[in-house]
Amino acid sequence: MSVLDMRIGLLGTGNVARAVATGWSAAGHDVVLGSRNPKERGETEELKGFTLVGLGEAAAHGEVLVNATPGTASMDVLKEIGAAALAGKVLVDIGVGYTFTDTMELSHPNYSLSEEIQQEYPEVRVVKTLATVDRFVMVDPASLVGPSTIFLSGDDEAAKGVTRGLLGDLGWPDASQLDLGGIVTARGQEHFALLFSGIAVAIGSYEFGIQVVPQRTAS
């Protein structure tokens, strides 16, 4: 499934935002990156070639918005944009919140950022995805030695349909996409971050995926 010629507003300008922006632009979508300081950020080397606008302009541009901000900053960014500008939008949430003390801890240990967004902005159609892989695998799942599973969580079926198409445009076939159910299941995606970090240390790389392998059907 492919979603053609969509206007996508990225919230954030970091590694993840630039990776998915590049992937979706290559697929033919009209993509902008939103920043609190677009003029200052636009002068940096890594953002050359991207269309950089303010957060409000990115929200106005996008039929689909993508939260690619750090999970600990996401709510402040959305508050700055405002509920009226967000209402009715599909919001693909990639964010995961970390707090760093002696060890890495999640900022949402008993729920998820996606749930918080959905509760605070009920007119936004939140879909959680791409939170279980690093930025390189997000846009090039074929780089892995075998098939991998990517997950979706959200309460709005139409919004998940749009998101499935956008995932397809990044190279995730429909068979690799697993719908977990409502937005409450987003906490599983976000909490996987702790296991993700452990696996990365164990294998010496962040570029890996996981595959859901069901029980063999009896013949």
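Answer with yes or no whether T149 is under 16 Å from F196 (Cα atoms), buried (at least 17 other Cβ atoms within 10 Å of the Cβ) and more than 13 Å from the chain's Cα centre (by Cα).
Values: under 16 Å from F196 (Cα atoms): yes; buried (at least 17 other Cβ atoms within 10 Å of the Cβ): yes; more than 13 Å from the chain's Cα centre (by Cα): yes.
So T149 passes the test.
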remark   = Scanning segment 120-146 residue by residue, those farther than 18 Å from G188 by Cβ, open to solvent by less than 10 Å² (accessible area, probe 1.4 Å) and of a type in the set (D, E, K, R) turn out to be none
In segment 51-82, the residues that are open to solvent by 60 Å² or more (accessible area, probe 1.4 Å) and over 15 Å from the mean Cα position of the chain (by Cα) = T51, E57, A60, E63, D76, K79, E80
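Regarding G204, is this residue open to solvent by less than 40 Å² (accessible area, probe 1.4 Å), at positive phi and over 14 Å from the mean Cα position of the chain (by Cα)? Reasoning before the result, please.
Working: open to solvent by less than 40 Å² (accessible area, probe 1.4 Å): no; at positive phi: yes; over 14 Å from the mean Cα position of the chain (by Cα): yes.
When the stated conditions are applied, G204 does not pass them.
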request  = Determine which single condition D30 fails, assuming it passes every other condition in (1) under 20 Å from G95 (Cβ atoms); (2) at pLDDT 95 or above; (3) open to solvent by 20 Å² or more (accessible area, probe 1.4 Å).
outcome  = (1)
message = Against the condition basic (K, R), more than 25 Å from F136 (Cα to Cα) and touching a strand residue (DSSP E or B) at 6+ places or on another chain (Cβ under 7 Å), how does K89 come out, does it pass?
response = yes
key: Pair list, Cβ under 6 Å, 6 or more apart: segment 154-171 residue within 15 Å of G88 (Cα to Cα) and touching a residue at least 12 places away in the same chain (Cβ under 8 Å), other residue open to solvent by 10 Å² or more (accessible area, probe 1.4 Å) and not in a helix (DSSP H, G or I)   = D155/G182; D156/R125; A159/R125; V162/V3
request  = For segment 92-108, enumerate the residues that are in contact (Cβ under 8 Å) with a residue 12 or more places away in the chain and over 23 Å from W24 (Cβ atoms).
outcome  = G97, Y98, T99, M104, L106, S107, H108
Among residues of segment 83-119, those that are under 22 Å from G188 (Cβ atoms), open to solvent by 20 Å² or more (accessible area, probe 1.4 Å) and of a type in the set (S, T, N, Q), counted = 6
task = Please determine, by comparing only the residues of segment 172-187 that are part of a helix (DSSP H, G or I) and without any contact (Cβ under 8 Å) to a residue 60 or more places away in the chain, which one is farthest from V126 (Cα to Cα).
result = A175
request  = Report, by residue number, each residue of segment 131-140 that is assigned to a helix (DSSP H, G or I) and closer than 13 Å to Y206 by Cα.
outcome  = R135, F136, V137, M138
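The values are calculated or read from the model by the stated rules, or taken from the named source; none is laboratory data. A quick note: this is a predicted structure, and the numbers were derived from the prediction, not measured. Cβ atoms come from the backbone with ideal geometry, glycine included; neighbour counts cover every protein chain shown. Surface areas here come from the heavy atoms of the whole protein model, side chains and all, with no ligands, DNA or RNA. Shrake-Rupley method; radii C 1.70, N 1.55, O 1.52, S 1.80 Å.
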